[in-house]
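**Student:** Have a look at the structure that comes next, please.
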Amino acid sequence: MTDKYAVIGNPIAHSKSPEIHTMFAAQFKDKPAGDISYEKIEAPLDGFAVTVERLRKEGYKGCNVTVPFKFDACRIVNEVSNEVIDAFDSGESPDAINTLDFRNGAITGYNTDGIGLLRDITQNLKHEITGKRVLLMGAGGAAYGVLHPLLEASPASFVIYNRTLEKALILKKSTEQHDKFRHVSLNAVEFGKLGNAQFDIVINATSVGLTDSKIPLPETVFALGALAYDMMYGRDTPFMKFAREHGAQVADGLGMLVEQAAEAFWIWRGVRPDTASVIAALRG
């Protein structure tokens, strides 16, 4: 029997996840791991939990979660993976969850965004994070999902840059009780107050690109050879244009999307698909 999966969001029509997982499954077409179906489902803004429960009753094996439901997913899980459990124990705002596994009669939550981002930056784009100066723009669900994995890569310094300082400080505080991050110089800064600081890697985890809004960045923010990474994909955002004009290497989030999907596929199916061919096909 074909195992059913889905991605839940609102809106969801633009999602490439079904296409990605279909290509993953094709790599294992003669094996049980490849016998899956995958669809996109738009849940009402107040109906995420109901939608998940319906899928469970209909026999789905798991689902991915996208905007705006990554925090909602934290409230319905029975178990969380080691990657997200620290955030629950901290007593601060919950981490974001983007992958749910329905097996064994429970809902287990994971976040594969961070490992997806790391693999795209370090393996696909060949940029080292260890010892580098990193700027993360945004303090919402996308930023929550990648913060700890980025810090675990041991950058020399790390700045959370957000429109409101309060949200950036909350995100910063969620890491401060963890001894493993104390070797990293971590700061929170509100928009417009970066001064002359320069960074080797600048990551946009905000959604401002959807409205063509601009993030206030000094023209000197990019160090020589810097990478400007926008977690959004499918459009040339104002941030990407600004970075290109000021000498940075520019990348969108398509590689991250494929890499985080591959991690979810491994969680569900027990095999790891090749990602390079999928990224190339999507870009083509």
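The values are calculated or read from the model by the stated rules, or taken from the named source; none is laboratory data. These figures come from a predicted structure and were not determined experimentally. Neighbour counts are summed over all protein chains in view; Cβ atoms, including those assigned to glycine, are modelled from backbone coordinates with ideal geometry.
**Student:** Are any residues in the range 153-168 in contact (Cβ under 8 Å) with a residue 12 or more places away in the chain and either part of a helix (DSSP H, G or I) or over 19 Å from the mean Cα position of the chain (by Cα) (or both), and if so, which ones?
**Tutor:** Taking the range 153-168 as the starting set, the residues that turn out to be in contact (Cβ under 8 Å) with a residue 12 or more places away in the chain are 153-165, 167-168.
ALA156, SER157, ARG163, THR164, LEU165, LYS167, ALA168 - these are the residues of the range 153-168 that are in contact (Cβ under 8 Å) with a residue 12 or more places away in the chain and either part of a helix (DSSP H, G or I) or over 19 Å from the mean Cα position of the chain (by Cα) (or both).
**Student:** When you scan the range 198-208, do you find a residue that is out of contact with any Asp or Glu (no Cβ under 6 Å at 6 or more places or on another chain) and on the phi > 0 side of the Ramachandran plot, even just one? First the steps, then the outcome.
**Tutor:** Initially, the range 198-208 is screened for residues out of contact with any Asp or Glu (no Cβ under 6 Å at 6 or more places or on another chain), giving 198-203, 205-208.
Next, from what is left, pick out any that are on the phi > 0 side of the Ramachandran plot: none.
Within the range 198-208, not a single residue is out of contact with any Asp or Glu (no Cβ under 6 Å at 6 or more places or on another chain) and on the phi > 0 side of the Ramachandran plot.
**Student:** Filter the range 124-149 down to residues that are touching a residue at least 40 places away in the same chain (Cβ under 8 Å), over 16 Å from GLN198 (Cα atoms) and surrounded by fewer than 24 Cβ atoms within 10 Å (Cβ to Cβ), then give me how many there are.
**Tutor:** 6
Conditions tested, residue by residue: (1) over 15 Å from the mean Cα position of the chain (by Cα); (2) not β-branched (Val, Ile, Thr).
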{"position": "ALA243", "(1), (2)": "yes, yes"}
{"position": "ALA248", "(1), (2)": "yes, yes"}
{"position": "LEU254", "(1), (2)": "no, yes"}
{"position": "LEU257", "(1), (2)": "no, yes"}
{"position": "ALA262", "(1), (2)": "no, yes"}
{"position": "TRP268", "(1), (2)": "yes, yes"}
{"position": "ARG272", "(1), (2)": "yes, yes"}
{"position": "VAL278", "(1), (2)": "yes, no"}
{"position": "LEU282", "(1), (2)": "yes, yes"}
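**Student:** Would you point out the residue of the range 1-53, among those that are part of a loop (DSSP other than H, G, I, E, B) and of a type in the set (Ser, Thr, Tyr), that is nearest to THR108 (Cα to Cα)? Give the steps one after another, and end with the answer.
**Tutor:** Going residue by residue through the range 1-53, those that are part of a loop (DSSP other than H, G, I, E, B) are 1-2, 10-16, 27-31, 35, 43-47.
Within this subset, residues satisfying the condition of being of a type in the set (Ser, Thr, Tyr) are 2, 15.
Values: THR2: 21, SER15: 23 Å.
Among them, the one singled out is THR2.
**Student:** Among (1) farther than 26 Å from LEU254 by Cβ; (2) modelled with pLDDT under 95; (3) surrounded by 22 or more Cβ atoms within 10 Å (Cβ to Cβ); (4) not small (Gly, Ala, Ser), which single condition is VAL52 missing?
**Tutor:** (2)
**Student:** Those residues that are farther than 15 Å from CYS74 by Cα and among the β-branched types (Val, Ile, Thr), I need them from the range 24-53; list them, please.
**Tutor:** ILE36, ILE41
**Student:** Another question, if that's okay. Please name all residue pairs, on different chains or six or more residues apart, with Cβ atoms under 9 Å, provided the first residue is in the range 1-28 and is over 20 Å from ASP101 (Cβ atoms) and the second residue is assigned to a loop (DSSP other than H, G, I, E, B) and among the aromatic types (Phe, Trp, Tyr).
**Tutor:** ASN10/PHE69; LYS16/TYR233
**Student:** For the range 91-132, name all the residues that are among the charged types (D, E, K, R) and at pLDDT 95 or above. So that I can check it myself, show each step before the final result.
**Tutor:** Start the filter on the range 91-132 by keeping residues that are among the charged types (D, E, K, R), which leaves 92, 95, 101, 103, 113, 119-120, 126, 128, 132.
Scanning the range 91-132 gives ASP101, ARG119, ASP120, LYS126, GLU128, LYS132.
**Student:** Pick out the one residue from LEU150, LEU118, LEU136, LEU171 that is outside the structural domain of THR66 (by TED's automatic domain parsing), closer than 27 Å to PRO218 by Cα and in a strand (DSSP E or B). Don't jump to the end; show me each part of the working.
**Tutor:** Working: LEU150 fails: in a strand (DSSP E or B); LEU118 fails: in a strand (DSSP E or B); LEU171 fails: in a strand (DSSP E or B).
Going through LEU150, LEU118, LEU136, LEU171 in turn, just one is outside the structural domain of THR66 (by TED's automatic domain parsing), closer than 27 Å to PRO218 by Cα and in a strand (DSSP E or B): LEU136.
**Student:** Right, here's the next one. Output the residue which, of all residues in the range 77-90 that are buried (at least 17 other Cβ atoms within 10 Å of the Cβ) and hydrophobic (A, V, I, L, M, F, W, C), is modelled with the highest pLDDT.
**Tutor:** So, considering only residues that are buried (at least 17 other Cβ atoms within 10 Å of the Cβ) and hydrophobic (A, V, I, L, M, F, W, C), the one modelled with the highest pLDDT is VAL77.
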